[in-house]
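Working notes, structure below.
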Amino acid sequence: MTHHTSAQDVLPDTQPLHGSVDYAEALVTGINRLLDQELAKADAMRLNDPLLSTDNPTTQLEIAAKRRERLAKSLGVVDSRIPIGTLTLHCTNTTNAKIAEADGYDVFSVRWPVLAGVDGEGLLLTPRVTPVARVIALPDADQRPEDVAGLSDALTPPSQFARYFADAGCEVVIPTLINRECTWSGNPEVRMTNQPHREFVYRMAYEMGRHVIGYEIQKVLSLVDYFSSLADADVPIGLFGYGEGGLLSLYSGALDPRITAVGVSGYFRNRTTVWQEPIYRNVWQLLRGLSDAELAAMIAPRPLVIENSSPPAVSGPPPENGARRGAAPGVIAAPSRSEVSSEVELVRKVYSRHGVADSLVLVDPEDAVELDRFGTFETRKAFLQGLGLKGEGPSSPPPLTRLRSQDDGDARQQRQFDQLCQFTHQLWEASAKRRVQFWEEIDRTSPAACERSLTRYRQYFDEEVTGAYPTPSDPLSPKSRLLESNKAYALYEVVIDLWEGVPSFGYFLVPTGVHASSPRPVVVCQHGLGGDPAPIIDDDSRAYKGFGRRLAERGYIVYVPQAPFVGPMGDDFRVLQRKANPLGLSLFSFIVPQHRRILAWLRSLPYVDGERIALYGLSYGGKTAMRVPALVKEYALSICSGDFNEWIMKNVSRTFFSSYMFTGEYEMFEFDLGHTFNYAEMAYLISPRPFMVERGHSDGCSTDEWVAFEFAKVRRHYTRLGLRDRTEIEFFDGGHEINAEGTFAFLDRHLQWSPPAAIRTPAS
């Protein structure tokens, strides 16, 4: 490293940079602190949520009706259900559909259609006389229908709540839920993972605007459809669930006013810590008016019983086993009694204003031992009374006679899992047509007309996909320090302030001879996943090949920022995504303002041409080069290297070798991206500005065929605008790396720059 006195030790109009700081850690820690503040704000704002605070019961019901629309969208409960004529008894040539009987009712194995290719399956407990009520009993994900029906020894009799409802004269259906095992999570021809089945379905579904929670709600509501269509439709309908079943009971009851009474056990608390729970509970915008108290308010004034029982203890995903890995962290732990009661008190006021305070019941045993039980006598009694039944049900259930020694629980689970995976795959296969419909208002009659028509799409991308977060207006307070200077350029470290206590670090390369009288173009070079800016200025880096220095030698001003997607800190940056999503935010909610601040500083420099600033990124930096310029119009040009893809396929497919379905990169999934913005559509948002893709033939992030398939849409778009020369793709014989040949020529041409005659190559 050389240091010539010709270069200033500190850049003009900056303060000296002193000391040694891990700016990657400081950036991630700072964003994490911002998110903690946003979580606290969201929680505090609930006190003034009109759904919870209005004094007018009619207004409250109107707000609840509108809130249901948003809840359905966030959960992906948007597909038309198949009407049910009758429940189908499930049997084979060697097994009977009737699997057990008791005094007063019979138990059958049943299934019912829900969505195209998706069935519900479970048990039907049907009385031999006219039912006094119909109940959908929802066990936890790791409990089988047989467990809560009393057909196994997995649960003690007090927790076999479904059989108690049947003994009380109710017709009961117990759906099968997707469990937390990992038996089928993967593809044996590609890779198997330790993701719980619920996470595996969640990942692909989330990308397509669906959810494993939403799929199971559809199975519940299809039963509500069926019950409501019967001749005796005035028979009350109830939902009661424990654990994951309690979650479904709460959500389903909030969505569907046809449900008479709702019982929730082992699932009710303040959800500001939902980011610590398993990722299959991650719901987009959950904490923007869709938390537990708000869902309960959407059930009001209908009866709601909340049982404070210990939830199923989940210490994490299934253990890693050889190649089986990649699951997201997440635990389920019991909330404190005070947390549960505080959440209940938020909604108790709603019930009081409706004049039905007694319709909200909290069963909260003082004995800690009792917390480990669920579906207790007191809870069942309150639930049955909520259904309008005068009886309390039996204090102990009569015996069951099992007629079938074998059950097909594993095969049933696999059928349910495979159906949801296949349904989601079909959504991906049809998504290109859906995106065409979504984009039908784009105007390609001229570049100017196109730019005007893109406004609404850019706003949607900002608010509904990325998640808009305000760019701070505080002083940038730049600080700098000279690291190196040579005949071609000076290399500085630069730090600017993003938000208070959140610094943005970068390397800044200033070519020799820059002057305010002749402002120069800038190339912002963005590193990839798990990295830092150093390899971009390191000639020995195989992936980056020191392309930042090489651009400086060509006479470009170069800025190389530290991004928050860093590796040495483990999953810390991915936790940012977990905290952000329930707030309707994402990691890019903070990366976009970071780049706006960087551009504000660059454009303030007298020797920078603010109209000629490009973004060039590799890998996760390429992901950045797709999303940031789509929203930040101050970037005059964008180059995506080692990332451009049929992105929806890469996030949904369980047959593609490099699909994110098989990796630990659980933050990649963006809610409902599949129906709105693939990479071609993100490029539309970049147009009419120049856009280029750099692709190595051996780059394992995708294949040439898939990349070319998606890029063809981009080229067609630019061609229709009469701007064919503004977009290019370069294929080269290499891997996941910078090639810096066609891209350099692209920069020279579109940034209108003529490099010096003598240019060093990486080998020289």
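The values are calculated or read from the model by the stated rules, or taken from the named source; none is laboratory data. Values in this document were obtained by computation on a predicted structure and should not be read as measured data. Note: ideal-geometry Cβ built from the backbone for every residue, glycine included; neighbour counts use all protein chains shown. To get the accessible areas, we keep the full protein, side chains included, count just its heavy atoms, and leave off ligands, DNA and RNA. Shrake-Rupley method; radii C 1.70, N 1.55, O 1.52, S 1.80 Å.
Which one of these is part of a loop (DSSP other than H, G, I, E, B), over 15 Å from residue 557 (Cβ atoms) and of a type in the set (S, T, N, Q): 518, 504, 473? Break it down into steps so the answer makes sense when it comes.
Numbers: 518 fails: over 15 Å from residue 557 (Cβ atoms); 504 fails: part of a loop (DSSP other than H, G, I, E, B).
Exactly one of 518, 504, 473 is part of a loop (DSSP other than H, G, I, E, B), over 15 Å from residue 557 (Cβ atoms) and of a type in the set (S, T, N, Q), namely 473.
This table checks each residue for (1) out of contact with any Gly (no Cβ under 8 Å at 6 or more places or on another chain); (2) open to solvent by 30 Å² or more (accessible area, probe 1.4 Å); (3) not acidic (Asp, Glu).
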{"residue": "8", "(1), (2), (3)": "yes, yes, yes"}
{"residue": "25", "(1), (2), (3)": "yes, yes, no"}
{"residue": "34", "(1), (2), (3)": "yes, no, yes"}
{"residue": "40", "(1), (2), (3)": "yes, yes, yes"}
{"residue": "55", "(1), (2), (3)": "yes, yes, no"}
{"residue": "94", "(1), (2), (3)": "yes, yes, yes"}
{"residue": "105", "(1), (2), (3)": "yes, no, yes"}
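When you look at residue 550, is it open to solvent by 10 Å² or more (accessible area, probe 1.4 Å) and either under 30 Å from residue 327 (Cβ atoms) or part of a strand (DSSP E or B) (or both), yes or no?
On the way: open to solvent by 10 Å² or more (accessible area, probe 1.4 Å): yes; either under 30 Å from residue 327 (Cβ atoms) or part of a strand (DSSP E or B) (or both): no.
Taking the combined requirement at face value, the residue does not satisfy it.
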Can you give me the number of residues within the range 507-520 that are open to solvent by less than 20 Å² (accessible area, probe 1.4 Å) and within 18 Å of residue 595 (Cα to Cα)? 2
Return the residues of the range 286-303 that are closer than 12 Å to residue 67 by Cβ and either at pLDDT below 95 or acidic (Asp, Glu) (or both); say none if nothing qualifies. 294
If we scan the range 700-721, do we find a residue that is in a loop (DSSP other than H, G, I, E, B) and either within 18 Å of residue 448 (Cα to Cα) or at pLDDT below 95 (or both)? yes
Among the numbered criteria (1) under 29 Å from residue 556 (Cβ atoms); (2) part of a loop (DSSP other than H, G, I, E, B); (3) open to solvent by 10 Å² or more (accessible area, probe 1.4 Å), which one does residue 740 miss? (3)
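Quick one: is residue 327 more than 26 Å from residue 358 (Cβ to Cβ) and open to solvent by 30 Å² or more (accessible area, probe 1.4 Å)?
Values: more than 26 Å from residue 358 (Cβ to Cβ): yes; open to solvent by 30 Å² or more (accessible area, probe 1.4 Å): no.
Considered against the rule, which asks whether it is more than 26 Å from residue 358 (Cβ to Cβ) and open to solvent by 30 Å² or more (accessible area, probe 1.4 Å), residue 327 comes out as no.
How many residues are among the small types (Gly, Ala, Ser) and out of contact with any Asp or Glu (no Cβ under 9 Å at 6 or more places or on another chain) when one looks only at the range 295-326? Give the steps one after another, and end with the answer.
So in the range 295-326, the residues among the small types (Gly, Ala, Ser) come out as 296-297, 300, 309-310, 313, 315-316, 322-323, 326.
With the extra rule that they be out of contact with any Asp or Glu (no Cβ under 9 Å at 6 or more places or on another chain), the set shrinks to 300, 313, 315-316, 322-323.
Of the residues in the range 295-326, 6 are among the small types (Gly, Ala, Ser) and out of contact with any Asp or Glu (no Cβ under 9 Å at 6 or more places or on another chain).
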In the range 297-324, residues that are under 20 Å from residue 274 (Cβ atoms), open to solvent by 30 Å² or more (accessible area, probe 1.4 Å) and among the hydrophobic types (A, V, I, L, M, F, W, C) total 1
Given (1) touching a residue at least 60 places away in the same chain (Cβ under 8 Å); (2) open to solvent by 10 Å² or more (accessible area, probe 1.4 Å), index of the condition residue 648 fails: (2)
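Could you pull out every one of the helices (runs of 4 or more DSSP H) wholly within the range 352-456 that has 3 or more residues that are modelled with pLDDT of 90 or more, under 30 Å from residue 690 (Cβ atoms) and open to solvent by 40 Å² or more (accessible area, probe 1.4 Å)?
Working: elements: 368-371, 377-386, 409-438.
Qualifying helices (runs of 4 or more DSSP H): 409-438.
Filter the range 698-731 down to residues that are aromatic (Phe, Trp, Tyr) and open to solvent by less than 40 Å² (accessible area, probe 1.4 Å) and give me whichever is nearest to residue 743 (Cα to Cα). Outline the logic, then answer.
Going through the range 698-731, the residues aromatic (Phe, Trp, Tyr) turn out to be 706, 709, 711, 718, 731.
Checking the rest, the ones that are also open to solvent by less than 40 Å² (accessible area, probe 1.4 Å) come to 711, 718.
Numbers: 711: 16, 718: 18 Å.
Across the range 698-731, the extreme among qualifying residues is 711.
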Selection within the range 2-58 - more than 30 Å from residue 356 (Cα to Cα) and hydroxyl-bearing (Ser, Thr, Tyr): 2, 5, 6, 14, 20, 23, 29
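Of all residues in the range 480-506 being polar (S, T, N, Q) and surrounded by fewer than 22 Cβ atoms within 10 Å (Cβ to Cβ), which is farthest from the chain's Cα centre (by Cα)? Walk me through it before giving the result.
Pass one, the range 480-506, residues polar (S, T, N, Q): 480, 485-486, 504.
Next cut, surrounded by fewer than 22 Cβ atoms within 10 Å (Cβ to Cβ) only: 480, 485-486.
Values: 480: 37, 485: 45, 486: 47 Å.
In this case the residue turns out to be 486.
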Restricting the first residue to the range 15-37 and requiring it to be under 19 Å from residue 571 (Cβ atoms), which pairs with a second residue that is at pLDDT 95 or above and of a type in the set (Lys, Arg) meet a Cβ separation below 8 Å and a spacing of at least six or different chains? 32/579; 35/579; 36/579
